[in-house]
Structure formats: C-alpha cells, structure tokens
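S.K.: For reference, the structure I am asking about is given below.
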Amino acid sequence: MKVLVDLNRCQSYGQCVFAAPGVFRFRGEESLEYDHVPDETAAPEVRRAALACPVGAVTLGEDR
Ligand code: SF4
C-alpha cells in the first residue's frame, strides 16, 4: 500500500493522526509527516485515516 497526502490541500486537522497514529504524525505544530509505504498490517487504519480526512487529502494506492 502506498500513501500520498496532498499537503497543499491538508489543513492540519489531524484526523488522520487520530485514525492512524502509527502512520501519520505531526512534526512541530502543523507539519504533517507520514509513512509513504506503511506496513500492510496498518492498512485498515490507513483506510480509516483516508476516510476521516475532511478535505480528502489522503490518497491510497496499491503497490502490487
Ligand atoms: S486529516 Fe487530512 S487535513 Fe487533517 S492532517 Fe490529515 S491529511 Fe491533513
């Protein structure tokens, strides 16, 4: 699974961080960091994060 966040669209609401804290995190006040290719075991929470993002900034792709 691949994760792409459109950081121009991201408003730092943090919903993805709440939904998948193992994959998304803030560095500093509002700089979002995330694992671009998270472990497959994180897939359910990453999907929840994508759904939770109020501005639809989280895009998921399959890498196989
Ligand atoms: S939920 Fe969406 S807008 Fe909020 S920090 Fe995550 S990617 Fe950004």
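We did not get these values from a lab; they are worked out from the coordinates using the rules stated. This one's a predicted model, so the numbers in the text were calculated from it and none came from an experiment. Reconstructed Cβ throughout: ideal geometry from the backbone, glycine too, with neighbour counts over all protein chains shown.
S.K.: Going by how many other Cβ atoms sit within 10 Å of their own, how do LEU60, LEU32, LEU7 line up, fewest first?
M.R.: LEU7, LEU60, LEU32
S.K.: By count of other Cβ within 10 Å, fewest leading, how are SER12, SER31 ordered?
M.R.: SER31, SER12
S.K.: Do any trypsin sites (Lys or Arg not before Pro) in the stretch 1-59 lie in a loop, going by DSSP, with at most 14 other beta-carbon atoms within 10 Å of their beta carbon, and if so which?
M.R.: Answer by residue number: ARG9.
S.K.: Along each of the three principal axes of the Cα atoms of the chain, give the extent in whole Å, ordering the values from largest to smallest.
M.R.: Sorted from largest, the Cα extents of the chain read 33, 19, 16 Å.
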